[in-house]
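Down below is the structure, laid out as structure tokens.
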Amino acid sequence: MPVYLDCNATTQVDQEVADLVFKLMREEYGNAGSRTHAFGASAKKYVEQARTQVAAVTDDDKSTVIFTSGATESNNIALLGLENYAKKQNKKHIITTEIEHKSVLEPIQELQKRGFEVTYLPANADGLIDAVTLKNALRDDTFLVSIMHINNETGSIQPIGEFCSALEGHDAYFHVDAAQSFGKYSEVLKNERIDLISASGHKLYAPKGIGALIQRKRGFIKVPLKPILFGGGQERSLRPGTLAVPLIAGFGLACELAVKNSPNRLENAKNLKVEVLDFLAKYDAEINGQNTSDYVVNFSIPEVNSEAAIVMFKDVVAVSNGSACTSNSYTPSHVLVSMGLNENRINGAIRMSWSHQTEAIPFIQLSEKIEQLL
């Protein structure tokens, strides 16, 4: 098997997490909504424990955690769930960026169809959003700002703290898609000016199909979200449906392990990134994005097409050339286009992403493949 280097798309489930998930599927399989027997009580206990574990990542109270199927659903609830509030307040302006994940851009495009105005902030050549640009875009009728923390394609870490400062004195709600940073770069997410945080389990060594939306309070008042789905009343009626107890418990444990082991994991990632950058320098690779996560490198090697390279690499390493959510599309990356990169650089862009579980990259074999492409 090739070495897996596509951790921005998904990660391998931690063994401790997998063991817990399996146990709750086979041995303690109760429904957390069942109040008449011990199976239900046990399931509810696991859910509440997980709620505490997830909240601990950002120093929040467990009451802020709404379990969802993943960051995509969390993003949809955060964005579409504010529609009624915005209309009642007669505020119809949204600020986001051109480099957001499709699970943010498409719900916002739906709101545009419903009469909302949207300002899309461009990225600079480094893949970063300027906080001054955000501040200048604010209007009296701006009710929502949605900006991701770490870009899923380039790994560029956005200056969330500066955005929080830019929003001081304005009452717009601030939503952060933290799918790529939750449990890895969590410190800035503790900033109380952030109202809503989306998190994903399968980017943090938990199973696919589980995530969370952190819904904070201002003073004693929660962000006024309305449900976009109905039926059952679970998760304080904001996200109905039978709770996936095994996945929730697994996500909770993954968060606990992340809090405990984050420094060591980050150090491993940094060391591996140094090796990757040293290797790429031999081929005059252009790095796409700056101020990037230590878990990813997006690069272009002159005269090398990404599609051809990925086919050539397939028996050595598993990499990608963009978001896994749009991998069936051959349209140029909207992220790299916003950065103003030229067509050849965009067409040659390859994303290599790893985790603390990545043992070693086969640089010798990878070099042989690159030489064949040049």
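The values are calculated or read from the model by the stated rules, or taken from the named source; none is laboratory data. These figures come from a predicted structure and were not determined experimentally. Heads up, the Cβs are rebuilt from the backbone with ideal geometry, glycines too, and the neighbour counts pull from every protein chain shown.
Couple of notes before you dig in:
- In a residue-by-residue description of the range 76-87, the property of being under 24 Å from Q112 (Cα atoms), among the charged types (D, E, K, R) and more than 23 Å from the chain's Cα centre (by Cα) applies to at least one position.
- Single residue of the range 96-107 satisfying the filter (farther than 20 Å from N136 by Cα and hydrophobic (A, V, I, L, M, F, W, C)) that is nearest to the chain's Cα centre (by Cα): V104
- Qualifying helices (runs of 4 or more DSSP H) (wholly inside the range 262-374; at least 2 residues being within 19 Å of D126 (Cβ to Cβ)): 334-338, 343-347
- Within the range 197-231, the set of residues being at positive phi and without any contact (Cβ under 8 Å) to a residue 12 or more places away in the chain comprises G219, G231.
- Residues of the range 49-62 satisfying the condition of being exposed (fewer than 14 other Cβ atoms within 10 Å of the Cβ) and touching a residue at least 12 places away in the same chain (Cβ under 8 Å): D59
- Cβ-Cβ contacts under 9 Å between residues 6 or more apart (or on different chains), taken from a first residue in the range 184-196 that is over 19 Å from I221 (Cα atoms) to a second residue that is aromatic (F, W, Y) and assigned to a loop (DSSP other than H, G, I, E, B), are listed as K184/Y295; L189/F182.
- Among residues of the range 123-157, those that are touching a residue at least 12 places away in the same chain (Cβ under 8 Å) and closer than 27 Å to G183 by Cα, counted: 22
- Members of the range 1-57 that are of a type in the set (S, T, N, Q) and in a loop (DSSP other than H, G, I, E, B): N8, T10, T11, Q12, N31, S34, T36
- Scoring A43 on the criteria (1) crowded, with 20+ Cβ neighbours inside 10 Å; (2) modelled with pLDDT of 95 or more; (3) of a type in the set (G, A, S) leaves a single failure, condition (2).
- Extreme residue, surrounded by the fewest Cβ atoms within 10 Å (Cβ to Cβ), among residues of the range 1-17 that are hydrophobic (A, V, I, L, M, F, W, C) and touching a residue at least 40 places away in the same chain (Cβ under 8 Å): V3
- Among the residues of the range 347-369, just one is farther than 30 Å from A206 by Cα and buried (at least 20 other Cβ atoms within 10 Å of the Cβ), namely G348.
- Checked across the range 60-78, the condition of being over 15 Å from A179 (Cβ atoms) and part of a loop (DSSP other than H, G, I, E, B) holds for at least one residue.
- Cβ-Cβ distances below 6 Å connect the following pairs, each with a first residue in the range 18-34 that is surrounded by 15 or more Cβ atoms within 10 Å (Cβ to Cβ), a second residue that is among the aromatic types (F, W, Y), and a separation of six or more residues or different chains: G30/F39.
- Hey, K91 part of a loop (DSSP other than H, G, I, E, B), out of contact with any Gly (no Cβ under 8 Å at 6 or more places or on another chain) and not hydrophobic (A, V, I, L, M, F, W, C) or not: yes
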